[in-house]
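Okay, structure first, notes after.
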Amino acid sequence: MAWPSTERAHAPPLAIVVLGGADTLSGLGADVKARRGKVLGLVLAGGEGGRLGPLTDGRAKPVLPFGGVYRLIDFPLSNCHHSRVSDVWVIQQYEAHTLSEHLANGRPWDLDRTWGGMRVVHPTTGGEESGFFEGNADAIDRNREAIASFDPELVLVLSADAVYRLDYAEVLERHRERGAEATAVTTVKPAEEALRLGTVAVDSTGLVTAFEYKPEEPRSDIVTTEVFVYDAKVLLDTFAELEGEGEELSDFGHSLLPRLVERGNTWADDLGGYWRDVGTLESYWQAHMDLLEPEPQLRLDDPEWPILTRASQRPPARVDASARIEGSLISPGCSVRGRVARSVLGPGVVVEEGVEVVDSVVLGNSRISADIHRAIVDEGADVTQETTGAEEPAVVA
């Protein structure tokens, strides 16, 4: 379903009077070119998200709703906005049209600019770098020429697979201070989560001494958060070196990060706050339950760091006299006549009288006419029979 955008109102531009003729105009252009960003942000948004089952059938994973009114890609893009990273390329592939509609040329994150801003990058055909991306490292490698032409000092690589808040500017500054070739933002996770992520060993100074990619038996509980900073020249040269050696260049963990760790100048930077990968049904559900804690670690409405999004225009939620709501998030356009407990309702959800929605996540535009417990209801899916999840939440799609 196509959602109308929330457009910002722009005042008409003031007239600019340029004195001095063509030479001045030429100088102005040179000055603008000289001020181009030294940091290029790359948001890797092309994966299929197969572990999320039916939730990513027909939609790109980064556009999956989260927290009622947001989308997963809103988190890295909002962090870029607040961190003053103003040159951001979104690399997309799977179900790209579903993501392009939400991106709205970067407008919600103030990236719709004449100079810099957002660029959407797709797979291409016809050249040496043509073809579909085969992983996150391959997606960057196939855009080496464009990155080299942009000529950044640093490349900030982000995924749209997790929910978190992070000031990238601080990470970039520490990367520069260390003279690092690569910096991996890290956090600590239990073994059952670490085995589907990258893990690192770190010495007392923060230097990464070992790296394992999705180990079956993790030897470290320090995991990479899929936020990386690379020296641009080192990154591109290493890609060329690995390609020349015939190494696999699908994901970062296969060849790129092991090679950079071997070089002895890759550093860990502790995220120091809430971070959760939402690449599985269980973790996606749990991240929503985390939002419902009395004092959630991740605040979506922090006035100093709000999560920005392209939202639809909806009327306020309606709560009837028969409704009972306990510890839940209710989005605009909802109509609640039953009981909602420890649940998140996306826009336009109707909960009928006498019905219970407990420990559940309803993504939007659904009518709930039967009880649901520990469930995820996809956008536009109606619930007509009682549904209860087990160790893994039930999915209604």
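The values are calculated or read from the model by the stated rules, or taken from the named source; none is laboratory data. Everything numeric here is computed off the predicted structure, so don't read it as measured data. We place every Cβ from the backbone using ideal geometry, glycine too, and count neighbours over all the protein chains shown.
Structure data summary
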item: Residue that is modelled with the lowest pLDDT, among those in the stretch 135-163 that are under 27 Å from Ala287 (Cβ atoms) and in contact with a Pro (Cβ under 9 Å, 6 or more places away or on another chain); result: Ala139
item: Residues being aliphatic (A, V, I, L, M) and either farther than 21 Å from Met289 by Cα or in the same structural domain as Asn365 (by TED's automatic domain parsing) (or both) - total across the stretch 47-76; result: 1
item: Residue check, Leu260 crowded, with 17+ Cβ neighbours inside 10 Å and under 26 Å from Arg51 (Cβ atoms); result: no
item: Scope the stretch 321-342; condition of a type outside the set (Lys, Arg), in contact (Cβ under 8 Å) with a residue 24 or more places away in the chain and touching a strand residue (DSSP E or B) at 6+ places or on another chain (Cβ under 7 Å); matching residues; result: Ala323, Gly327, Ser328, Leu329, Ile330, Ser331, Gly338
item: Answer from Ala375, Ala381, Ala287, Ala311 - the residue that is crowded, with 17+ Cβ neighbours inside 10 Å, assigned by TED's automatic domain parsing to the domain that holds Tyr70 and among the aliphatic types (A, V, I, L, M); result: Ala287
item: From Leu156, Leu172, Leu166, residue being surrounded by 20 or more Cβ atoms within 10 Å (Cβ to Cβ), in the same structural domain as Val43 (by TED's automatic domain parsing), touching a strand residue (DSSP E or B) at 6+ places or on another chain (Cβ under 8 Å) and in a loop (DSSP other than H, G, I, E, B); result: Leu166
item: Pair list, Cβ < 7 Å and 6+ apart or interchain, from the stretch 282-311 residues that are closer than 24 Å to Leu103 by Cα to residues that are among the polar types (S, T, N, Q); result: Ile307/Ser78; Leu308/Ser78; Arg310/Ser5; Arg310/Thr6; Ala311/Thr6
item: Residue ranges of strands (runs of 3 or more DSSP E) in the stretch 279-397 with at least 2 members touching a Ser or Thr at 6+ places or on another chain (Cβ under 7 Å); result: 339-341, 356-358, 375-377, 394-396
item: Single condition Val395 does not satisfy, out of (1) of a type outside the set (Gly, Ala, Ser); (2) in contact (Cβ under 8 Å) with a residue 40 or more places away in the chain; (3) over 17 Å from Pro65 (Cα atoms); result: (3)
